[in-house]
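Down below is the structure, laid out as structure tokens.
The values are calculated or read from the model by the stated rules, or taken from the named source; none is laboratory data. Everything numeric here is computed off the predicted structure, so don't read it as measured data. FYI the Cβ positions are ideal-geometry reconstructions off the backbone, even for glycines, and counts take in every protein chain you see.
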Amino acid sequence: MIDTDGYRMNVGIILANDAGQLLWAKRLKQKAWQFPQGGIKAHETPKRAMYRELYEEIGLNAKQVEILGTTRGWLRYRLPPHLIRHYQRPLCIGQKQVWYMLRLLADESAIRFDAFDQPEFDEWQWVDYWQPAKEIVYFKKNVYKQALNELYHLVPHHSKTIQRKRKLTYKLAEAV
């Protein structure tokens, strides 16, 4: 759904573990890492869209997470000119997002990318709280910093965290 200003309405999902680390996921067959996120459909509330995206993108349901909080309002970013699809109507110039901070209640083995027909990620890892703001693509940096700053107080932070990398490979043959 695109608003009258040209921003696609979207939810962002920040999933934390009990050590205060965040789930960082790699886009399928790309070198780009990001938090799970997705569009809000016309009939959905942001919360309903968040639960749908949570399941579609990382295979978790509402009982496997706890909502710790959400940003107070919409956070916006503009797409760089070369990524704007000028031929599409309505024209989308960027995204406006409500961000959710979640805590994983289930075992991390519940995280999976094959819950939906078209997976968006093929790898994930737990990372230090501020790492995503440093690594995200340049046009999303301010939104990531805003969301992480606003939601920081909700997550337990430990001075020493251990990064554990999990590689989950999605095989296209299994999707057919």
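Of all residues in segment 44-61, exactly one satisfies the criterion of being within 24 Å of GLU150 (Cα to Cα) and loosely packed, with under 13 Cβ neighbours inside 10 Å, namely THR45.
The single residue among ASP18, ASP5 that is in a loop (DSSP other than H, G, I, E, B) and under 14 Å from LEU102 (Cα atoms) turns out to be ASP18.
Got at least one residue in segment 42-59 being polar (S, T, N, Q), under 24 Å from ILE2 (Cβ atoms) and free of Cβ contacts under 8 Å to residues at least 24 places away in the same chain? Please lay out each step first, then the result.
In the first step, residues of segment 42-59 are kept if they are polar (S, T, N, Q); the result is 45.
Within this subset, residues satisfying the condition of being under 24 Å from ILE2 (Cβ atoms) are 45.
Then drop every residue that is not free of Cβ contacts under 8 Å to residues at least 24 places away in the same chain, which leaves 45.
There is at least one residue in segment 42-59 that is polar (S, T, N, Q), under 24 Å from ILE2 (Cβ atoms) and free of Cβ contacts under 8 Å to residues at least 24 places away in the same chain.
Quick check: is even one residue across segment 78-95 modelled with pLDDT of 95 or more and either assigned to a loop (DSSP other than H, G, I, E, B) or not polar (S, T, N, Q) (or both)? Taking every residue of segment 78-95 in turn, none turns out to be modelled with pLDDT of 95 or more and either assigned to a loop (DSSP other than H, G, I, E, B) or not polar (S, T, N, Q) (or both).
Can you say whether LEU75 is in contact with a Leu (Cβ under 6 Å, 6 or more places away or on another chain) and buried (at least 17 other Cβ atoms within 10 Å of the Cβ), as far as the supplied structure shows?
Working: in contact with a Leu (Cβ under 6 Å, 6 or more places away or on another chain): no; buried (at least 17 other Cβ atoms within 10 Å of the Cβ): yes.
No.
Under the condition of being of a type in the set (D, E, K, R), over 23 Å from LYS141 (Cα atoms) and not in a helix (DSSP H, G or I), the residues counted in segment 44-76 number 2.
Out of everything in segment 114-148 that is part of a loop (DSSP other than H, G, I, E, B) and among the aliphatic types (A, V, I, L, M), what residue ends up being surrounded by the most Cβ atoms within 10 Å (Cβ to Cβ)? Explain how you work it out, then say what you get.
In the first step, residues of segment 114-148 are kept if they are part of a loop (DSSP other than H, G, I, E, B); the result is 114-120, 128-130, 136-137.
Pick out the ones that are also among the aliphatic types (A, V, I, L, M) and you get 115, 136-137.
Details: ALA115: 15, ILE136: 19, VAL137: 13.
Only one residue tops the list, namely ILE136.
Beta carbons closer than 9 Å, at least 6 apart along the sequence or on distinct chains, pair a first residue in segment 136-155 that is under 23 Å from ASN17 (Cβ atoms) and small (Gly, Ala, Ser) with a second that is at pLDDT 95 or above and not in a helix (DSSP H, G or I) for ALA147/GLY12; ALA147/ILE14; ALA147/PHE35; ALA147/THR71; ALA147/LEU75; ALA147/GLN97; ALA147/TRP99; ALA147/MET101.
I'm trying to understand the selection: among the residues of segment 1-48, which are aliphatic (A, V, I, L, M) and within 12 Å of the chain's Cα centre (by Cα)?
Within segment 1-48, the first condition is being aliphatic (A, V, I, L, M), and the residues that meet it are 1-2, 9, 11, 13-16, 19, 22-23, 25, 28, 32, 40, 42.
Those that are aliphatic (A, V, I, L, M) and within 12 Å of the chain's Cα centre (by Cα): VAL11, ILE13, ILE14, LEU15, ALA16, LEU22, LEU23, ALA25.
Number of residues in segment 21-43 that are surrounded by fewer than 17 Cβ atoms within 10 Å (Cβ to Cβ) and in a loop (DSSP other than H, G, I, E, B) equals 8.
In this entry, ARG103 is excluded by the filter for residues that are touching a residue at least 12 places away in the same chain (Cβ under 8 Å), part of a loop (DSSP other than H, G, I, E, B), out of contact with any Lys or Arg (no Cβ under 9 Å at 6 or more places or on another chain) and not hydrophobic (A, V, I, L, M, F, W, C).
Taking the conditions (1) closer than 21 Å to ASP5 by Cβ; (2) at pLDDT 95 or above in turn, LEU151 satisfies each one other than (1). Evaluated against (1) under 17 Å from the mean Cα position of the chain (by Cα); (2) within 24 Å of PRO156 (Cα to Cα); (3) in contact (Cβ under 8 Å) with a residue 60 or more places away in the chain, GLY94 falls short on exactly one condition, (2). Scanning segment 1-20 for residues that are surrounded by fewer than 17 Cβ atoms within 10 Å (Cβ to Cβ) and over 28 Å from HIS157 (Cα atoms) yields MET1, ASP3, THR4, ASP5, GLY6.
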